[in-house]
Amino acid sequence: MEELHRVIAIDFDGTLCENKWPEIGAPIIEVIEAAKREKANGSQLILLTMREGRLLDEALMACKQWG
């Protein structure tokens, strides 16, 4: 039987970082570290956001910077 993995959708504004729309808020380190642990344990992470275009690019860059 195929092994199942968790898939976790994580909201960007207000969850991964403080909600400062349209700017990028300060990272919420506890949530980011928990997401990193989940990924290390085999979970797939999905970034949940309504940002698009330049704002989405900025959110993706922030995620990369936060690891």
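Counting Cα-Cα pairs of the chain in 10 Å increments starting at 0 gives whole-percent bin shares of 20, 52, 21, 6, 1. The share of accessible area on the chain that comes from carbon and sulfur is 55 percent, using a 1.4 angstrom probe.
A 1.4 Å probe run over the chain, with the rest of the protein chains in place, finds 76 Å² accessible per residue. Rounded to the nearest 10 degrees, what's the angle between the helix 29-40 long axis and the longest principal axis of the chain, both from Cα atoms, 0 to 90? With both axes taken from Cα atoms, the answer is about 30 degrees.
What FRET efficiency comes out for Asp11 versus Ala40 if R0 is 25 angstrom and r is the Cβ-Cβ distance? Round to the nearest 0.05.
Once the sixth-power term is evaluated, E becomes 0.75.
A Förster distance of 30 Å, applied to the separation of the beta-carbon atoms of Lys64 and Trp21, puts the FRET efficiency at 0.90. Relative to the longest principal axis of the Cα atoms of the chain, helix 53-66 runs at roughly 60 degrees.
The values are calculated or read from the model by the stated rules, or taken from the named source; none is laboratory data. Treat the numbers as computed from the prediction; the structure is a model and nothing was measured. When we count neighbours, we look across all protein chains shown, and the Cβ atoms used for this are built from the backbone with ideal geometry, even at glycine. Note: areas computed on protein heavy atoms with side chains; ligands, DNA, RNA excluded. Shrake-Rupley method; radii C 1.70, N 1.55, O 1.52, S 1.80 Å.
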